[in-house]
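Trainee: Sharing a structure with you now.
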């Protein structure tokens, strides 16, 4: 068995083989552009109050037991947002979390008898005519089994607080039911899954959208395979997370950004480190009440835009002073007086309001911010999850290896009553000039 660290923390692997392309006649007038709607659902088997964790949340998809990450949190809360993909021929439909912090497709296998597997729809390789087994990691899909008579090689992935053990396959993966974007891509077919965290996931599997270094190798990097096949107008995607007031589903746009979701100028930031496979960049400092905290020194801090976590999580030495400065009262007595929390990227200072970074339920409040100490070479690293991604529209430009960030356009621009989108942009995305 090959054991592998959590998908978001894998090292760069050598390219093996070339992606096999599958096109269909279903391409529409907007060729090379695809919009995928994302649904929301609570985790299974937990009461609503327990879902919110009251401070016990943490990154689910990126933090595995083999990373030696230290966290003050207890049981994690899964990300709620997921979409639908079709695997195989004829297609088998699965719900998956689209995770920018990892780079592999992981689905439960039909042969898995673990309780966690049985609560999700399984992938059946025998029912797909395009499925090809990868008998050993160093063999191509469909190659003959090793002459030594040994069975198929299994691999172990650390995911959240647990792990999945599985076999390697290659099959046809389609991002939409109309089959406009389909490609042959490798995947992990889980034959064993730990109860935690998989038994509470409201979706079947995890689809990694990370850079190449987050995948087992390039055969497993779906976005890389799609780019190699030339199926998108541009090798990029963008994420818009809806608020309850929007009255519509969240959305990922593949192939270009959606200008209708952009509520301000776009700030472009270079990817600072491709070796982690994360979409990460440099942050100059953190601010509270628009005053710098001096936490990043002269070299800056590293932050990653992470659709796989529903909180903001980072190094203890940074999170501790931030939480102390914010001083969120558990009884919500100071909620109306809480300051904005800023992220100073140099040219722009991006601010979150209390409504963004505080979970408020009646007279109970807790910050959606947590300590998470990822060891080198990945850490120290701040994960900017759903609280940040809901406020800001994020663009993942794999072609230019850069990130685009803009204020997300919502029906209710901000928590300030009757504030226009333009005024919200000036207040929450302050421009400081070129750096």
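Trainee: Starting from region 287-299, keep only residues that are touching a residue at least 40 places away in the same chain (Cβ under 8 Å), then list their pairs with residues that are assigned to a loop (DSSP other than H, G, I, E, B) whose Cβ atoms are within a distance under 6 Å, requiring at least 6 positions of separation or different chains.
Mentor: Qualifying pairs under 6 Å: 288/339; 289/339.
Trainee: Say we look at region 332-361 and pick out the residues that are in a helix (DSSP H, G or I) and touching a residue at least 40 places away in the same chain (Cβ under 8 Å); which of these is nearest to residue 269 (Cα to Cα)?
Mentor: Ranking the qualifying residues of region 332-361, first place goes to 357.
Trainee: Report, by residue number, each residue of region 349-364 that is at pLDDT below 95 and touching a strand residue (DSSP E or B) at 6+ places or on another chain (Cβ under 8 Å).
Mentor: 359 - this is the single residue of region 349-364 that is at pLDDT below 95 and touching a strand residue (DSSP E or B) at 6+ places or on another chain (Cβ under 8 Å).
Trainee: Follow-up question, since we're still on this one. Consider region 368-385. How many of its residues are surrounded by fewer than 22 Cβ atoms within 10 Å (Cβ to Cβ) and in contact with a strand residue (DSSP E or B) (Cβ under 9 Å, 6 or more places away or on another chain)?
Mentor: Selection size over region 368-385: 5.
Trainee: While we're on this one: Tally up the residues in region 272-289 that are in contact with a strand residue (DSSP E or B) (Cβ under 6 Å, 6 or more places away or on another chain) and assigned to a loop (DSSP other than H, G, I, E, B), please.
Mentor: Summing the residues that are in contact with a strand residue (DSSP E or B) (Cβ under 6 Å, 6 or more places away or on another chain) and assigned to a loop (DSSP other than H, G, I, E, B) in region 272-289 gives 5.
Trainee: Can I ask one more? Tell me the residue from 262, 239 that is touching a helix residue (DSSP H, G or I) at 6+ places or on another chain (Cβ under 8 Å), modelled with pLDDT of 95 or more, crowded, with 16+ Cβ neighbours inside 10 Å and closer than 23 Å to residue 34 by Cα, please.
Mentor: Checking each option against the conditions leaves just 239.
Trainee: I'd like to know if region 239-254 contains one or more residues that are in a loop (DSSP other than H, G, I, E, B), more than 23 Å from residue 81 (Cα to Cα) and in contact with a strand residue (DSSP E or B) (Cβ under 9 Å, 6 or more places away or on another chain).
Mentor: no
Trainee: Could you grab me the full set of residues in region 158-175 that are part of a strand (DSSP E or B) and modelled with pLDDT under 85? Lay out the reasoning, then the answer.
Mentor: Taking region 158-175 as the starting set, the residues that turn out to be part of a strand (DSSP E or B) are 158-159, 162-174.
Answer for region 158-175, where residues must be part of a strand (DSSP E or B) and modelled with pLDDT under 85: 158, 159, 162.
Trainee: Sticking with this one: Quick check on region 184-202: of everything there that is touching a strand residue (DSSP E or B) at 6+ places or on another chain (Cβ under 8 Å) and surrounded by fewer than 24 Cβ atoms within 10 Å (Cβ to Cβ), which residue is farthest from residue 114 (Cα to Cα)?
Mentor: Within region 184-202, the match that is farthest from residue 114 (Cα to Cα) is 184.
Trainee: Right, here's the next one. Among the residues of region 153-174, is any under 22 Å from residue 39 (Cα atoms), in contact with a strand residue (DSSP E or B) (Cβ under 6 Å, 6 or more places away or on another chain) and buried (at least 19 other Cβ atoms within 10 Å of the Cβ)?
Mentor: yes
The values are calculated or read from the model by the stated rules, or taken from the named source; none is laboratory data. Owing to the predicted nature of the structure, the values given are computational and were not obtained by experimental measurement. Don't worry about glycine lacking a Cβ; one is built from the backbone with ideal geometry, like all the others, and counts go over all protein chains shown.
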